[in-house]
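*Asks:* Before I ask anything, here is the structure I am working with.
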Amino acid sequence: MASHHQFSAVKGAKVLMVGAGGIGCELLKTLALSGFQDIHIIDMDTIEVSNLNRQFLFRKSHVGLSKAKVARDAVLRFRPHVSITSYHANVKNQEFNVDFFKQFNVVLNGLDNLDARRHVNRLCLAADVPLVESGTTGFLGQVTVHVKGRTECYECQPKPAPKTYPVCTITSTPSKFVHCIVWAKDLLFAKLFGDKNQENDLNVRSSDSASSSNHAEDIFELYKDETIEQYGRRVFDHVFGYNIEVALSNDDTWKNRNKPRPIYSRDILPDEPTKQNGNSDKNCATDDQSSFSAMTSLGMKNPQEIWSLMENSRIFIEAIKLFFTKREKDVGNLTFDKDDQLAVEFVTAAANIRAESFGIPMHSLFESKGIAGNIVHAVATTNAIIAGLIVIEAIKVLQNDANNYRMTYCLEHPSRKMLLMPVEPFEPNKSCYVCSETPLSLEINTHKAKLRDFVEKIVKVKLGMNFPLIMHGSALLYEVGDDLDEDMVANYAANLEKVLSEFPSPVVSGTILSVEDLQQELSCSINIKHRDEFDEEKEPDGMVLSGWHQTSLEKGDSSKTLGNGESISTPSATEADKNEDSDIVASGRKRKLDEAPSSAVDISSSANEANSLKKLEELDDDDDDDLVMLDDGDSAMNKKKRLQ
């Protein structure tokens, strides 16, 4: 039973929820049932069919509608006297500025991506409003409290960027099934059904124009005098046969690798057109463009069955036929959608055929969809538990009960007879560039890199700034804003194309750049260090940002960088198993609040286990599209995929 003090704190609170997905639905319901009277909720997403199995405020009739608005209406039906304000918008919109955040007593996050989380974290710091962060994936979940000056902020522990792969690996030397999925989804599907004018490496790479003219000329264009079946086979032979033979011509590539096997349709499929053994009428009868299915046409039913090479080849051809006959209007404008059955079938088949060529084990449709669609399978019960924990921490925040703040982990298996493991929050990280204003360091080739490279790869992607202002001393190099006149916009656009060392005030080794985001009220200094060469595979950005990593990393260990050039941060559970440097809370780094009561429950050993759990870092709300591609696809720990 809540005390009078608790009830008063709850009743008089003004709460902002960000996210109305898996966690958000549970959270909004729990807030309303707990006595909160003034709730605001922001979510830019609309309801999808795949949400309905766990986001219980939504029904099939709501598909396509605003999540925030439908969630509001659903809760008002059983709590009509609660004031709920919904915003179908992006929390990064300029209307949701620091002044907007200042009106709230606490902010509760149920977001599904790193960029938005960082943005909300910064606005909460600028507005001095407590933030309760959360995330779930499967049976795992966590809730953390971030209070300015008292606990670490969301960015005190840098989050690993999504796993990226060099283009040459994807196009020429795949060694894992995920490489084949990325190739099938981002290159082949996009080339066939998206914008055909885009540049990618699917076209022939032979220098022998005489022998390759037939392949180089409009290979992905449908000729007027050919059938869809002939077109599909021509594309099949080009990407799985001819291009593989071209790749094999480079002997140096295969000195230490297994050579791939060219696959041609004539060796797999009969000469006659693909036979339809299934119910093609079902495909004809529907108006739902996303429900067309090559599996249905061919009489194949089990999505968890691994298809043979012939079955994959038949699906590949049949999917192309269905796209060009049943969805002809879509061709040229399509992007991959995990809820598009035909798209998933095509990508699965294409990835499997390529995997077979390179000696990589094939996967089922179910497994392929999970990888291609960035799906982390959700558990509604976990969302409900986490939502309850969010409300508990929110009430503590409203009562200013700092001594009892906890970050709590929800475990899959009991540890010390506990499924919920509370840990005292950490103090602010003094090396955090967001809440402690620690200078950063950037290694970059100042004689080659342009300001555009710095803005796009560092300021926007790494630092997450939306409206940056960049200064070198008193010189303003770049600015974004609605109040700029045309001459200023043109001047800054011209600056983007300038090489850093060629500015009137050259940006060279030793230069300190000031970067600021006025919307987030965040500023930081970046020390520039010139560097001539970068490893294309490990540092594909051609620059390395550092200075905001954990203080537990040993000085001088420059080898601990991620593939995208960032300093090593919290690895996934899978990476942690095989990386001895993966402990993110090393000895001496478990920084608990001094105000924590000495009578608190003894959770020292549990805390160590929780620290290892923190290797999962911030888990996502379950309807995310931000799966981090893990290197070890066979580990049982892959069930505990860590999201951003």
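*Asks:* From the list 97, 93, which one is closer than 30 Å to residue 480 by Cα, touching a residue at least 60 places away in the same chain (Cβ under 8 Å) and open to solvent by 50 Å² or more (accessible area, probe 1.4 Å)?
*Replies:* 97
*Asks:* Now for a separate question. If you take just the strands (runs of 3 or more DSSP E) that sit entirely in region 427-542, which of them hold at least 1 residues that are over 26 Å from the mean Cα position of the chain (by Cα) and buried (at least 17 other Cβ atoms within 10 Å of the Cβ)?
*Replies:* Ranges flagged: 468-472, 475-479, 512-517, 522-530.
*Asks:* When the residues of region 124-148 are filtered to those that are within 21 Å of the chain's Cα centre (by Cα) and not β-branched (Val, Ile, Thr), which remaining residue is nearest to residue 523 (Cα to Cα)?
*Replies:* 133
*Asks:* Take residue 28 and decide whether it is of a type outside the set (Gly, Ala, Ser) and within 22 Å of residue 103 (Cβ to Cβ).
*Replies:* Considered against the rule, which asks whether it is of a type outside the set (Gly, Ala, Ser) and within 22 Å of residue 103 (Cβ to Cβ), residue 28 comes out as yes.
*Asks:* Here's a follow-up. Tell me the residue from 47, 39, 84 that is more than 19 Å from residue 107 (Cα to Cα), surrounded by 18 or more Cβ atoms within 10 Å (Cβ to Cβ) and either touching a residue at least 40 places away in the same chain (Cβ under 8 Å) or β-branched (Val, Ile, Thr) (or both), please.
*Replies:* Of the residues listed, the single one that is more than 19 Å from residue 107 (Cα to Cα), surrounded by 18 or more Cβ atoms within 10 Å (Cβ to Cβ) and either touching a residue at least 40 places away in the same chain (Cβ under 8 Å) or β-branched (Val, Ile, Thr) (or both) is 47.
*Asks:* If we keep just the residues of region 338-378 that are open to solvent by 10 Å² or more (accessible area, probe 1.4 Å) and among the β-branched types (Val, Ile, Thr), which is modelled with the highest pLDDT?
*Replies:* Per the criteria, the residue is 360.
*Asks:* Can you tell me which residue within region 184-215, out of those that are aliphatic (A, V, I, L, M) and modelled with pLDDT of 55 or more, is surrounded by the most Cβ atoms within 10 Å (Cβ to Cβ)?
*Replies:* 184
*Asks:* If you don't mind, there's one more thing I want to ask. Mind checking which pairs have a first residue in region 446-458 that is under 20 Å from residue 547 (Cα atoms) and among the β-branched types (Val, Ile, Thr) and a second that is open to solvent by 60 Å² or more (accessible area, probe 1.4 Å) and part of a loop (DSSP other than H, G, I, E, B), Cβ under 7 Å, 6 or more apart or different chains?
*Replies:* So the pair list comes out as 446/509.
*Asks:* Ok, one more. Take residue 159 and decide whether it is in a helix (DSSP H, G or I), of a type in the set (Lys, Arg), at pLDDT below 95 and crowded, with 18+ Cβ neighbours inside 10 Å.
*Replies:* Against the criterion (in a helix (DSSP H, G or I), of a type in the set (Lys, Arg), at pLDDT below 95 and crowded, with 18+ Cβ neighbours inside 10 Å), residue 159 does not qualify.
*Asks:* Within region 379-391, track down each residue that is out of contact with any Ser or Thr (no Cβ under 7 Å at 6 or more places or on another chain) and crowded, with 17+ Cβ neighbours inside 10 Å.
*Replies:* Across region 379-391, the qualifying residues are 379, 384, 385.
So that you can scan it fast, the table gives a plain yes or no per residue for (1) exposed (fewer than 13 other Cβ atoms within 10 Å of the Cβ); (2) modelled with pLDDT of 90 or more; (3) touching a helix residue (DSSP H, G or I) at 6+ places or on another chain (Cβ under 7 Å):
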| site | (1), (2), (3) |
| --- | --- |
| 217 | yes, no, no |
| 224 | yes, no, no |
| 229 | no, yes, yes |
| 232 | no, yes, yes |
| 262 | no, yes, yes |
| 276 | no, no, yes |
| 291 | no, no, yes |
| 296 | no, yes, yes |
| 299 | yes, yes, no |
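*Asks:* From the list 389, 342, which one is assigned to a helix (DSSP H, G or I) and in the same structural domain as residue 136 (by TED's automatic domain parsing)?
*Replies:* 389
The values are calculated or read from the model by the stated rules, or taken from the named source; none is laboratory data. The shown structure was predicted, so the numbers you read here are calculated from the model rather than taken from an experiment. For neighbour counting, all protein chains shown are included, and Cβ atoms are generated from backbone atoms with ideal geometry for every residue, glycine included. Surface accessibility is based on the protein's heavy atoms, side chains included, excluding ligands, DNA and RNA. Shrake-Rupley method; radii C 1.70, N 1.55, O 1.52, S 1.80 Å.
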